[in-house]
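The values are calculated or read from the model by the stated rules, or taken from the named source; none is laboratory data. In this text, all values refer to a predicted model and were calculated from it rather than measured experimentally. Backbone-built Cβ (ideal geometry, glycine too); neighbour counts: all protein chains shown.
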């Protein structure tokens, strides 16, 4: 052991060079660049569901609604619910949805209800399309069963507003 007096002498503390205050004050802070916020990607399944709703509207489906089930259940992401006024119209709506979705490379996993034509279900896994006869829709009231999910009424995008006759 070495005696305490034999230790190396302490180094003197170095002083920082003094910066004149004028130099600091004259420097302006660089303008802050706006922070680029990350864009949340649009849900691609929502676009597909909206397209399916429009395919139903092409065959004059009424009361078309999109129900977003992502936060409610893991069964599926979206329901499209549409009504037809007759058995023939219900079949035409369902046929059109299937044929148009196939053109866009979406093939249904399963579909049921073709015999009675009161409630045709077309299951695309992440999207389920329900085509009801008006009376069956009132009876089953699917919107009430999924009332805690956000629901959106879908209007016809291609519908042209009717012009009013000019009054003199």
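Numbers below:
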| read-out | value |
| --- | --- |
| Matching residues, the stretch 45-68, being surrounded by fewer than 17 Cβ atoms within 10 Å (Cβ to Cβ) and assigned to a strand (DSSP E or B) | 62, 63 |
| Residues located in the stretch 95-128, provided they are closer than 24 Å to residue 43 by Cα and in a helix (DSSP H, G or I) | 96, 97, 98, 99, 100, 101, 102, 103 |
| Evaluation of residue 135 against (1) surrounded by 12 or more Cβ atoms within 10 Å (Cβ to Cβ); (2) part of a helix (DSSP H, G or I) (one fails), failing number | (1) |
| Residue match in the stretch 155-166 (condition: closer than 18 Å to residue 68 by Cα and either outside any loop (DSSP other than H, G, I, E, B) or at pLDDT below 90 (or both)) | yes |
| Options 143, 152, 138; residue that is touching a strand residue (DSSP E or B) at 6+ places or on another chain (Cβ under 6 Å), closer than 19 Å to residue 61 by Cα and at pLDDT below 95 | 152 |
